[in-house]
Amino acid sequence: MDAGLGTDQMSSPRRSPTVADLLAARPAGRVAFVEAASGRTLTWGDITATAAGWAARRHVALESYARVGVAVRDPLACLRLVLSALASGVTVAPLDHDASRAELVTKVDVLGLSAVVTDVDDLDGVWPPGVAPVTIWAAHDEPWQWSPAGRPPAASGEAPSEAPGEAALILASSGTTGEPKIVGLGVDRLVAAAANIVGHHQLGPDDRGYCPLPLFHVNALVVGVLANLVSGATLIVDRRFSASHFWDRVIGHRATWLNLVPGIIGVLNQVPAPPPDMGGRIRFARSASAPLAPAAAAVFRSRTGVSVLETYGMTEAAGQITANPLSPHRRRPGSVGLPVGVELRVVDTDGIPLPPGSVGGIEVRGATVVSHYLAPAGLHSAGRRPATTGAGWLPTGDVGRIDDDGFVYLVGRADDVINRGGEKVHPREIEDVLLGDPRVMAAVVVPRGHPTLGEEAVAHVLAGPGGSDPAGLAAALADRCRRQLGQSRRPAEITVVDTLPAGPTGKIRRAEVRRQVSVGGAAR
């Protein structure tokens, strides 16, 4: 780390550093971010200058507590805007610029945004009444001014939903298994989470991370962008993941670590491997967003020479919750690792802590964990909904166990458990078996109605290039399940599909698959 930003300062009982403090400590001329495709760069000085302009104009151009959406395709412009907002006290909500117009309008309205900054030229005139549109066109110009926001922060006489600075970043949780929740993350939580990541991953100014993940997601924003700010390193960002250009960009930009998700790892396992000597240049490939099958991690390491560091996190905890040890020899395949900067426990349905080895609901608490969710359009404090219990524990909705050494193992989501004749079947244990076949790129197991058992498991499998015979692959996978799973845990049907619905980070939208199965032939 740079001088003045060591672990002593990060853990000091004095005021925690803000984004503005961190920017001020960075050498103005040092490259902070690189766009992978073009090689264009953004310095810390570029961001600091924009943040100063935002701070000076904030009370003129934006009403107090205004929330500004950022729907920007240019990754460097997006980063410049988001970090400037966080540094100048403007609450920011990064948006998916590739979402449909209807989705964007809904998100803007639900998040209660006052203005939207965008470089997407076909979005003019689509915003709800009272939202001030702002269009930018160049990453390095100064088009950051806009007219006053039309939407007030709260109805007359009512308190705003956040104390100043409490919710600096507003995100919607992924919602792949149900309706997304609105999460407001303050700068203190964001910086603490980024510091946890920097400390665990041992990131320093000489590191060059590569992040092909969407910049409106908590993973890229905290694990990538803010950890890069805390460590003073350089982050290489991409507009989107490209399998055909991935290794060329990683090698060309001299990346030292990779920020990936299981979906990307699965794709990279199916394409030509990089040069044999590349593995020694990269310290690790971080995996998050969804469980990673041990077989997929093993294939990735054998083909690339890069070890996979599996982690676990969620938006409500500002990103990371657990991570495997940095040393590859201490990592445990199938485990998401040890808690990092938070407390974690496994409880029964009554909230009573369970002993090691017992399967139950996972709860977390700590300085990075939010205490409440924001209401849709979150304009009134009365609209908050508690996220934690009275003791500060946040139920994650995940089901898992902890071993005697404290390593955490996930077995699924509480609302994904399949009740087969009274026996609980966790989809992940079936999915890991299916993903053990190298021809399988992705797999999802969901329940289907059954006249006597209530529910049975069915599997949808996405084949890679080696799975050109769907019927043969389905038969081979059924045989694999017969050999590795008990009868009650075998899928009743395995279907090889051309595509699976997935979110922007590649996480499969399980709820959508479940709806398709239900509509397509639930009870037989």
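Summary table below
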quantity: Yes/no for V461 being free of Cβ contacts under 8 Å to residues at least 60 places away in the same chain and part of a strand (DSSP E or B); calculated: yes
quantity: Number of the exception - P386 against (1) touching a Phe, Trp or Tyr at 6+ places or on another chain (Cβ under 9 Å); (2) under 30 Å from I265 (Cα atoms); calculated: (2)
quantity: Tabulated pairs, segment 315-337, first closer than 11 Å to T368 by Cβ and modelled with pLDDT of 95 or more, second hydroxyl-bearing (S, T, Y) and open to solvent by 10 Å² or more (accessible area, probe 1.4 Å), C-beta under 6 angstrom, 6+ apart or interchain; calculated: I321/Y312
quantity: Some residue of segment 252-269 being over 28 Å from V445 (Cβ atoms), in contact with a His (Cβ under 9 Å, 6 or more places away or on another chain) and touching a residue at least 24 places away in the same chain (Cβ under 8 Å); calculated: yes
quantity: Single residue of R345, R332 found to be assigned to a strand (DSSP E or B) and open to solvent by 10 Å² or more (accessible area, probe 1.4 Å); calculated: R345
quantity: Residue satisfying all of: in segment 75-98; in a loop (DSSP other than H, G, I, E, B) and modelled with pLDDT of 85 or more; nearest to D21 (Cα to Cα) among these; calculated: L95
quantity: Qualifying positions in segment 263-281 - small (G, A, S) and crowded, with 22+ Cβ neighbours inside 10 Å; calculated: G263, G266
quantity: Looking only at segment 360-376, and only at residues there that are buried (at least 17 other Cβ atoms within 10 Å of the Cβ) and part of a loop (DSSP other than H, G, I, E, B), the one that is modelled with the lowest pLDDT; calculated: A375
quantity: Residues of segment 345-371 classified as under 18 Å from A193 (Cβ atoms) and either without any contact (Cβ under 8 Å) to a residue 40 or more places away in the chain or polar (S, T, N, Q) (or both), total; calculated: 4
quantity: Segment 400-456, residues that are assigned to a strand (DSSP E or B), closer than 21 Å to Q516 by Cα and among the aliphatic types (A, V, I, L, M); calculated: I418, V425, V440, M441, A442, A443, V444, V445, V446
quantity: Candidates F300, F241, F284 - the one that is touching a residue at least 12 places away in the same chain (Cβ under 8 Å), open to solvent by less than 10 Å² (accessible area, probe 1.4 Å) and in contact with a helix residue (DSSP H, G or I) (Cβ under 7 Å, 6 or more places away or on another chain); calculated: F300
quantity: Test: residue in segment 199-221 that is open to solvent by 10 Å² or more (accessible area, probe 1.4 Å), small (G, A, S), part of a helix (DSSP H, G or I) and modelled with pLDDT of 95 or more; calculated: yes
quantity: Any hit, segment 464-483, residues being part of a strand (DSSP E or B) and touching a strand residue (DSSP E or B) at 6+ places or on another chain (Cβ under 8 Å); calculated: no
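The values are calculated or read from the model by the stated rules, or taken from the named source; none is laboratory data. No experiment lies behind these values; they were computed from the predicted model shown. Positions of Cβ are generated from backbone atoms using ideal geometry, with glycine treated the same way; all protein chains shown enter the neighbour counts. Accessible surface is based on the protein model in full, side chains and every heavy atom, while ligands, DNA and RNA are left aside. Shrake-Rupley method; radii C 1.70, N 1.55, O 1.52, S 1.80 Å.
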